[in-house]
1. Using a simple spin-label model with points 7 Å from Cα along the Cα→Cβ vector, what separation in nm is obtained for Asp88 and Arg171?
2. FRET efficiency for Asp95 and His23, Cβ-Cβ distance as r, R0 = 22 Å, nearest 0.05?
3. Express in whole angstrom the spacing between the alpha-carbon centres of the range 1-33 and the range 107-122.
4. With all distinct Cα pairs included, what does the Kirkwood hydrodynamic radius of the range 61-141 come out to in Å, to one decimal, could you say?
5. Where in the range 157-179 is the amide nitrogen less than 17 Å from a point lying 7 Å along the Cα-to-Cβ axis of Ser127?
6. Need the full-extension length gain, Glu81 to Trp111, defined as separation in residues times 0.36 nm minus the C-alpha distance. One decimal, nm.
7. The range 40-99: which chymotrypsin sites (Phe, Trp or Tyr not before Pro) are DSSP loop and have at most 16 other beta-carbon atoms within 10 angstrom?
8. Excluding ligands, DNA and RNA, what is the solvent-accessible area per residue of the range 2-86 at a probe of 1.4 Å, expressed in Å²?
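The values are calculated or read from the model by the stated rules, or taken from the named source; none is laboratory data. Because the structure is predicted, anything quoted here is derived from the model rather than measured. Quick reminder, even Gly has a Cβ in these numbers, built from the backbone with ideal geometry, and neighbours come from all protein chains shown. Surface areas here come from the heavy atoms of the whole protein model, side chains and all, with no ligands, DNA or RNA. Shrake-Rupley method; radii C 1.70, N 1.55, O 1.52, S 1.80 Å.
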Amino acid sequence: MGGPAALVGQSMGGHTAMLVAAHRPDLVSRLLLLESDAGRGTEAEHQELGAYFSSWPTPFRDQLEARSFLGDGPLQRAWVEDLEMRPDGLHPRFDADVMVETMRAVAVPRWEEWERVACPTTVVYGSNGMFSEEERSAFASKAPVIRRVNLPGAGHDAHLDSPPAWKAELRAFLDLCDG
């Protein structure tokens, strides 16, 4: 105990894990990044997502009403499950404006930091995720990526919409950490 840790992160969490590995290599032995890159996104995309989150008619009376509005896909089910009960009903645990500001910060390209990552890294993308093949290849070519995996049929939230494939990759990564 007490040595460097293996970090796993998805999307913004992967971006954060990458920045930790770049700035504090003494703390990170390996990285597993799911649907992550060095930073991207446009102001229009951020505004669109913020408008979507702000459109939620909260509070929801119950999970049924939330599902009726949000939908029943894997990501939407996760959002419904994560709603917080307050005296007046169910609310998201995040603020739409804070989410947009966080996305703006993550959108700043951090190629210099990515290229400083020295630990072995596995990069996993959903075949239907948010990154183009060109973006995936560019990202994987600029750091010590030991494995690059595409999960067939998975999207940006591959851990939710393709759990068996994601768990297999996570197990493979953890086995490398133990070996």
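1. 4.7 nm
2. Values: r = 27 Å, r/R0 = 1.21.
So the FRET efficiency works out to roughly 0.25.
3. Using only Cα atoms to place each centre, the spacing works out to 10 Å.
4. So the Kirkwood estimate lands at 16.1 Å.
5. 157-169
6. 7.3 nm
7. Loop-located and lightly packed - Phe94.
8. Working: 4360 Å² over 85 residues.
Using a 1.4 Å probe on heavy atoms only, each residue of the range 2-86 averages 51 Å².
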